[in-house]
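Here, each number is a calculation from the coordinates, and none is a lab measurement. In this text, all values refer to a predicted model and were calculated from it rather than measured experimentally. Note that each Cβ is placed from the backbone with ideal geometry, even for glycine, and that neighbours are counted across all protein chains shown.
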Amino acid sequence: MFSLAKIIVFYLCIGATSFLFGANTSHPFGLESGMIIYEISGEAQLTPDTNLSIKGKAKLRFKNWGEVKLEEESGEVLTTGAIRHKQRVKRFEKQTKDKIIFADYENEQLLERTKTVNTETNDADTMFLEQKGKENIAGFVCDVWEGVGIKKCIYKGLVLKLETEVSAVSYRKIARQAIFDINTSNKACAVPDYPLQAFGLFKNHSKTKNAYKSENFCKVLKEVVFDKNKNNIKYIVDKVNMQSKERKVFINRIGQDIYKKQKVLLPELLFEMKQTRQCLHTGEDPFSANECIENFSRMKDKLGTQEDDYIILWDDKRKNILLDKIEDEIMYLQSRLPCVNRAKNISDLSTCLK
């Protein structure tokens, strides 16, 4: 069974409000139905040589006073500097009174589990937090709740604003539009047309590991925030020690998925560059040259370094310029790979590639 802490962290990460089980007169939300559009952003200095940013959007739709709700998120996680990485994020989750359905887009399946009645309460969103006044978000006056590294604004059980900051790592999810007491059809709450797999505690199932990679940044950040508030640990934003052991451990947890992905992609990139170099030597026209760089361009897009490299004119001079550029990149990456192979975390990897 999930621990209380893990469940609270999960709902904080997706900006949701937990369900209340027990009295029949209670509901998750104080509104019958509605839709909220959120803007998501975040940033972090992972290492002295690598920065991370998050941009995205989210939509929450609900009916039956929150007994049925559907959440969708999409966006992009980008790192720049020594480590260049781009990851597109897409998330779908539907909750009913007794079920949670999660879309695993990578494996094109739906994952379903039964809710744990005894551990999901309506106090999760404000646990360990103090009420600090009111704020106007998307045209609605909501109650502000604050704790160590976290601030929320809640309106009738709905989180309209979530801000967290720990060790110079920040995440924000803010409502830009909210419409309540609307007609919500069954079609509006439909799930993707994927086969359904039922798992008791699907989060740890081997088939779902890839589905949770995109949540790592948010998940780790919320776990740290929850622990600090639970243990009443004081935190001063202006006095962050960027080189502290605690922060390095935290950053390496946040960057774990990027690190693992880079360890796979960088050798593949080197291989594609060598293939591209060989192909370009025989390219005699723009059409064949563009075919040569197609896979190479696709790899660069995965790493967040996509350029407008479509070839329009092609002659010996342009061929040699491009070959020299690719040769330089091959030599650079080839010299870094032994260090990359030894790297044990994102801090090591950033040092290798700076």
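At a temperature of 25 °C and a viscosity of 0.890 mPa s, determine how fast the stretch 65-185 diffuses translationally according to Stokes-Einstein, using the Kirkwood radius over alpha-carbon pairs as Rh; express D in µm²/s, rounded to the nearest whole number. Translational diffusion coefficient: 143 µm²/s. For the peptides 105-111, 70-76, 60-66, 339-345, the ranking by mean Cβ contacts within 10 Å, running from highest to lowest, is 60-66, 70-76, 105-111, 339-345. Cross-link reach is defined here as a Cα-Cα straight distance under 19 Å, omitting same-chain residues fewer than 8 places apart; for Lys97 the aspartates and glutamates meeting it are Glu32, Glu67, Glu71, Glu72, Glu112, Glu120, Asp123, Asp125.
Which order results if Ile346, Ile37 are arranged by neighbouring Cβ count within 10 Å, fewest first?
Ile37, Ile346
Ratio to report: Rg/Rh of the stretch 255-353, with Cα atoms as the point set and Rh obtained by the Kirkwood method; give two decimals. Reported Rg/Rh, Kirkwood definition of Rh: 1.03.
Checking the cross-link pairs Lys187/Lys260; Lys57/Lys152; Lys99/Lys187; Lys57/Lys151; Lys263/Lys354 against a 27 Å limit on the alpha carbon distance flags Lys187/Lys260 as lying beyond it.
Only the Cβ atoms of Lys and Arg (+1) and of Asp and Glu (-1) were treated as charged; on that basis the dipole of the stretch 255-353 about its Cα centre amounts to roughly 660 debye. One decimal place: the segment His281-Lys317 gains 11.7 nm when fully extended, by the rule 0.36 nm per residue minus the C-alpha distance.
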